[in-house]
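The values are calculated or read from the model by the stated rules, or taken from the named source; none is laboratory data. This is a predicted model, so every value here is computed, not measured. Counting neighbours? That spans all protein chains shown, and the Cβs are built from the backbone with ideal geometry, glycine included.
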Protein chains: 2
Amino acid sequence: MELRLTSEEIIKLKEGENIYSAMKRSGIYLVAPCGGKGTCGKCKVMVIDGGHEVISYGRLTSKERESNIVLACQTIPRGDLLIEIPKESRLVVGDKIAIANTKDIVNYLRSFGVEINPLVKRVTIELPPPTISDSISDLERLKRALDEKGLGMMRFSHLVISKMADVMRHGNWNVELDYIPCDDASNEAVFLSSRETCSRKYGLAVDIGTTTVVVYLVNLVSGEVVDVGSTYNSQMRYGDDVITRIVHATEGGGLNELREAVVSDINTIADSIMDRHGIEPCEVITASVAANTTMSQLFWGLDPAAIREEPYIPTLNSYPLWHGGTAKLSINEQSPVYTVPCVASYVGGDIVAGVLASKVHRNSEIALFMDIGTNGEIAIGNNEWLMTAACSMGPCFEGSGIRCGMRATPGAIESVKIDPDTLEPQIGVIGGGHPMGICGSGMIDAISEMFFSGIIDQKGKFVRGKTDRIMEGEEGLEYVIYKDEAYHKNIVLTEVDMENIVRAKAALYAGITTLLNEAGFTIDMVEKVYIAGGFGNYINVEKAIIMGMLPDIPRERFVYMGNTSITGAYLCLMSEDLRKEAEDIASKMTYVELSVSRGFMDEYMSAMFLPHTDMSQFPTVTGRVF
Amino acid sequence: MELRLTSEEIIKLKEGENIYSAMKRSGIYLVAPCGGKGTCGKCKVMVIDGGHEVISYGRLTSKERESNIVLACQTIPRGDLLIEIPKESRLVVGDKIAIANTKDIVNYLRSFGVEINPLVKRVTIELPPPTISDSISDLERLKRALDEKGLGMMRFSHLVISKMADVMRHGNWNVELDYIPCDDASNEAVFLSSRETCSRKYGLAVDIGTTTVVVYLVNLVSGEVVDVGSTYNSQMRYGDDVITRIVHATEGGGLNELREAVVSDINTIADSIMDRHGIEPCEVITASVAANTTMSQLFWGLDPAAIREEPYIPTLNSYPLWHGGTAKLSINEQSPVYTVPCVASYVGGDIVAGVLASKVHRNSEIALFMDIGTNGEIAIGNNEWLMTAACSMGPCFEGSGIRCGMRATPGAIESVKIDPDTLEPQIGVIGGGHPMGICGSGMIDAISEMFFSGIIDQKGKFVRGKTDRIMEGEEGLEYVIYKDEAYHKNIVLTEVDMENIVRAKAALYAGITTLLNEAGFTIDMVEKVYIAGGFGNYINVEKAIIMGMLPDIPRERFVYMGNTSITGAYLCLMSEDLRKEAEDIASKMTYVELSVSRGFMDEYMSAMFLPHTDMSQFPTVTGRVF
């Protein structure tokens, strides 16, 4: 039984296996943020020929069903099958768009004025071969040579020693030792290699988001990013947000499943990059991981149960250096893996990485940092103090939980303009060409434009009959941003989508105002606003203010930073000084628990309008609408 | 298909499996130093009823064959089978005889005048439960409490942290932390437990001999030995001596097989002891292992190839503290495992343990220490200097390679007297009763008695017709020490046995004289001779001198120490001071490589007679024979 693709790939089928699983097993990945549960409705394929059984059509439209579109994860071949995979269903690991952003990263690293100083140092050693009269053991021989180089205090693991005899002899007694230089003079050997092999030095910078995973493979000598890749976090199949995953880990006994899911995501990307560039796993000798607190614990296989229960306690915030092998990464198993330190259960290493990357902690001006992902985390402060809080936004700006939502990858609608007269939209697509969905920045544009043009009201509800692009869809009213008969797929925003987006923006805005109150500041005292998040190439600040997501302050104070979690992970990978700054940031930050803050719920309810119940907070918006 | 034993045990059989394997799988162990290859001829069973196929009869006598005796490892059941296992074929794990020796061990430990101080210390901690206002992470909470106890610098492994959240909450914030106190102020956490569980502290002392493995389970608080066990080293199936095992590890790719064989031997004993005494694996929190250099490397899975090739280099002599989990021991996986340091490729931790146990390094008198096992290792020196050498003796004194040889366990003939007139022998059996074989001390007795009474000549050959106990056996002439018609088994020493024993004693004696020469001493300057080895409860020094195995010096200078390797492992388990003394001994010892020493071969050839070619070296023997 075979599954044939119009792209001419052929997959041997196993009895009872669905199309999604069969393709995944063969290394062909489909977009499926739900992980193949049939709920996200993104893994669409078109059946050209052959018997098959459809378990569920999920959220497919009747038009799509008529055109033989099925969900790969809900369709089981019953004999040979020929299918076509629409471009938008294929998951591209290694978005080209992210590569563009990394070209300047070496310059950005230099702007910090620190030395390139990865976790691992390398020393080259020429050993005198043993003789009957100089017959000390291999380890003593190595230690003697290290002593001469001032590296006398060196701890050796079982793994390093177990390969020592072979490496020394194969390398003809010329070896290279990678080690972690430690403050307390007791260095730790991590990898011994013969000089012929493994002579290059690479590292991984990893951002584990609740929704997406991003990996940079970095040349540790130059700091250049060799290649990048990203994918949905496969933990999505166990739940969209951290809470449902904690429940799965604890009550469902799924800790290992969750751990393996995300580690396998990272390994899939890393393996394909290493393969593409001819880099051996042993050459990737260190890694740096930034993630929120729950993702950090799941990555290391630590039960996150207590994170969810009052008083919300993580197992640890400041991680020791553990090994790639312990993490089950497919790089050098002896590599030290740095975990960017966390602050509290809901402010993690991703935020510390973001504050580091945006230099809030280095400047005297009062700055607001916010990371807009599945959680919205906010930090405020300067080089003297830092406060932080977190609010749950849901994954909508990352493209999940939105009918036509997608990540900010090629094919995503990233900007929308609506003609005030014709009410017809004009769209901008990442990478140009045919749009496949809409990403976070596109949603922000679309909502503020719809609000301005009266297509939606202050509550985010569609005004029926305002334009014929407001149509009755299968989930209620929806607005058609892009009509596409050929692909049987309109790109729309539904009323359910709108509710999700309004809730998300309200949570963020309420978080900002509550934290400012706690800090004793007003919004106009904020001199800089750094915005991070994976929701687009850019954010149209004007439009985010119009919808009441960002505070109404002078536009020039806003700086869009992109994914600061991966940037911070990269900075920590490359510099000892910056790792120390990250530790400083984490220990300095005062965490405010919004769930016990009296003001937060009021602020949230007030922010459930566009832009806000209290229009005086949005002076530049007032008078431009209605 | 079933295998039934007359002892009423019933084993389900797998198709094609031999009796030995089927029984082993069911936890019934037979004596089989060859590990089931059919070469040692010890795993005899009697077939009472049922179809079976005999692959080989090996060394079974025709009388045995006629009585339906087969080798279990060479016999495959072809249907239901009823067999009887002779008492001497059953391997008793946990020899009672060894227990007797351990009763005084706490007093012996006290005689060193050191504190009881195992590798692991325990601290009890009452943590304040977390609250919203005291919401630091679990690890920070623990570190804060440790800081108050002056234990601020503590390293935590992934394993300890991965269980931390659960242990703290289950223990209601009352926990106990086991840690390794380190000199450089950086302590290492090894095990966190709630106070309700795992409150007792035990440790393992292990002696890994080339032929036998001995394990003590020790109460770390009192120092008492809870129980002991021993077994043949299952590596025997890959070769009798270290060289053939190194070849198997290197050329046969059998490193893991060898590692798993010996680790499984230790675990089988430890598991059965823990089970017998209701001790949980988590309560066994440390271990100490003494073994020769090759056995140490194999135990840790380190390729021993270079040990065998000139210039004979071990990977390491002084082992870091690795974990029980790394060693794959079935005790607490976080337990630190101490490896008694080795000196050179052929003088290992067993000898360092022996020197430690016999206190050679503490006294000013010139002492000779020798460990008679598969290898004979010799050390000479005092509290100022130490020299050492090794010679290959073969496993005969441990009961292997000798037709009726066995270890010094109940049923072994341990003493032999031959009436000079009747030439009839009188035997002493360990534990009394029916003899099952002969152990090392019995062999020494027998040979010197046979030599004295003219049954053998100076070359160790039988004098045909001297007595009717000299019979024509299947391997040439043999002397019947014990006649047993009922069990179809005479206990004999064959001419091949004699050759093995003479070669062994010659190697040892030549080693002693060569090392003395190298040190510039003569035999009469030796003030003390400590004899170690597993060949019996005692050694009859007089008779060992008569056969030329030990030097002819005043008898009161000899002290029989038993198994000093396990004693030294025990001492290192219990005391930090003694671990330091062991390190001192190892670093102080000058190793003499006999294979490149000019005198050794001459000495060896001269020692191939009883007692010696140069009778002037044996003044007290001359005149008493012939």
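Worth a mention:
- Any hit, the stretch A:550-565, residues being of a type in the set (A, V, I, L, M, F, W, C), touching a Pro at 6+ places or on another chain (Cβ under 7 Å) and not assigned by TED's automatic domain parsing to the domain that holds A:PHE452: no
- Residue check for A:VAL263: within 14 Å of another protein chain (Cβ to nearest Cβ) and touching a Lys or Arg at 6+ places or on another chain (Cβ under 8 Å): yes
- Single unsatisfied condition, B:MET498 versus (1) touching a Ser or Thr at 6+ places or on another chain (Cβ under 7 Å); (2) among the hydrophobic types (A, V, I, L, M, F, W, C); (3) crowded, with 23+ Cβ neighbours inside 10 Å: (1)
- Residue in the stretch A:180-192 that is more than 12 Å from every other protein chain (Cβ to nearest Cβ) and either touching a Ser or Thr at 6+ places or on another chain (Cβ under 8 Å) or of a type in the set (D, E, K, R) (or both) present: yes
- Hits in the stretch B:329-342 (condition: among the β-branched types (Val, Ile, Thr) and more than 12 Å from every other protein chain (Cβ to nearest Cβ)): B:ILE331, B:VAL340
- Any chance A:GLY324 is out of contact with any helix residue (DSSP H, G or I) (no Cβ under 6 Å at 6 or more places or on another chain), on the phi > 0 side of the Ramachandran plot and either free of Cβ contacts under 8 Å to residues at least 60 places away in the same chain or outside the structural domain of A:GLY41 (by TED's automatic domain parsing) (or both): no
- Residue list for the stretch A:253-266, filter: within 27 Å of A:LEU356 (Cα to Cα) and at pLDDT 95 or above: A:ARG259, A:VAL262, A:VAL263, A:ILE266
- Residue match in the stretch A:166-174 (condition: more than 14 Å from chain B (Cβ to nearest Cβ) and crowded, with 20+ Cβ neighbours inside 10 Å): no
- B:GLU365 under 29 Å from B:MET498 (Cβ atoms) and either surrounded by fewer than 24 Cβ atoms within 10 Å (Cβ to Cβ) or touching a helix residue (DSSP H, G or I) at 6+ places or on another chain (Cβ under 7 Å) (or both): no
- Any hit, the stretch B:533-556, residues being surrounded by fewer than 18 Cβ atoms within 10 Å (Cβ to Cβ) and in a strand (DSSP E or B): no
- Any hit, the stretch A:343-355, residues being within 14 Å of another protein chain (Cβ to nearest Cβ), surrounded by 24 or more Cβ atoms within 10 Å (Cβ to Cβ) and hydroxyl-bearing (Ser, Thr, Tyr): yes
- Single residue of the stretch A:581-617 satisfying the filter (within 23 Å of the chain's Cα centre (by Cα) and at pLDDT 95 or above) that is nearest to the other protein chains (Cβ to nearest Cβ): A:ALA586
- Just one of the listed residues (A:SER230, A:SER264, A:SER222, A:SER234) is of a type outside the set (A, V, I, L, M, F, W, C), surrounded by fewer than 19 Cβ atoms within 10 Å (Cβ to Cβ) and under 24 Å from A:ALA408 (Cα atoms), and it is A:SER264.
- Filter pass, B:GLU333 being among the acidic types (Asp, Glu) and farther than 30 Å from B:ILE455 by Cα: yes
- For the stretch A:240-259, the criterion of being part of a loop (DSSP other than H, G, I, E, B) and touching a residue at least 60 places away in the same chain (Cβ under 8 Å) is satisfied by at least one residue.
- Within the stretch A:397-419, one or more residues are out of contact with any helix residue (DSSP H, G or I) (no Cβ under 9 Å at 6 or more places or on another chain), more than 27 Å from A:THR514 (Cα to Cα) and surrounded by fewer than 24 Cβ atoms within 10 Å (Cβ to Cβ).
- Search result, residues across the stretch A:23-60 that are at pLDDT 90 or above and of a type in the set (A, V, I, L, M, F, W, C): A:VAL45, A:MET46, A:VAL47, A:ILE48, A:VAL54, A:ILE55
- B:THR124 facing chain A (nearest Cβ under 8 Å), more than 21 Å from B:LEU321 (Cβ to Cβ), of a type outside the set (Lys, Arg) and over 35 Å from the mean Cα position of the chain (by Cα): no
- Residue satisfying all of: in the stretch A:97-126; aliphatic (A, V, I, L, M) and farther than 26 Å from A:MET154 by Cβ; modelled with the highest pLDDT among these: A:LEU109
- A search for C-beta distances below 6 Å between a residue of the stretch B:127-156 that is closer than 13 Å to A:THR315 by Cβ and within 10 Å of chain A (Cβ to nearest Cβ) and any residue that is assigned to a helix (DSSP H, G or I) and modelled with pLDDT of 90 or more, counting only pairs 6+ apart in sequence or on different chains, returns B:ASP138/B:MET164; B:ASP138/B:ALA165; B:ASP138/B:MET168.
- Flag not set for A:ASP271, criterion: of a type outside the set (A, V, I, L, M, F, W, C), touching a helix residue (DSSP H, G or I) at 6+ places or on another chain (Cβ under 7 Å) and away from chain B (no Cβ under 14 Å).
- Boolean, B:LEU302 is over 24 Å from B:LEU356 (Cβ atoms), without any contact (Cβ under 8 Å) to a residue 60 or more places away in the chain and of a type in the set (A, V, I, L, M): no
- Every condition in (1) out of contact with any Pro (no Cβ under 8 Å at 6 or more places or on another chain); (2) in the same structural domain as A:PHE369 (by TED's automatic domain parsing); (3) assigned to a loop (DSSP other than H, G, I, E, B); (4) over 28 Å from A:SER111 (Cβ atoms) holds for A:LEU516 except the one numbered (3).
- The residue of the stretch B:422-446 that is farthest from the chain's Cα centre (by Cα), among those that are in a loop (DSSP other than H, G, I, E, B) and on the phi < 0 side of the Ramachandran plot, is B:THR422.
- Flag for A:THR522 being touching a Leu at 6+ places or on another chain (Cβ under 7 Å), at pLDDT 90 or above and not assigned by TED's automatic domain parsing to the domain that holds A:SER606: no
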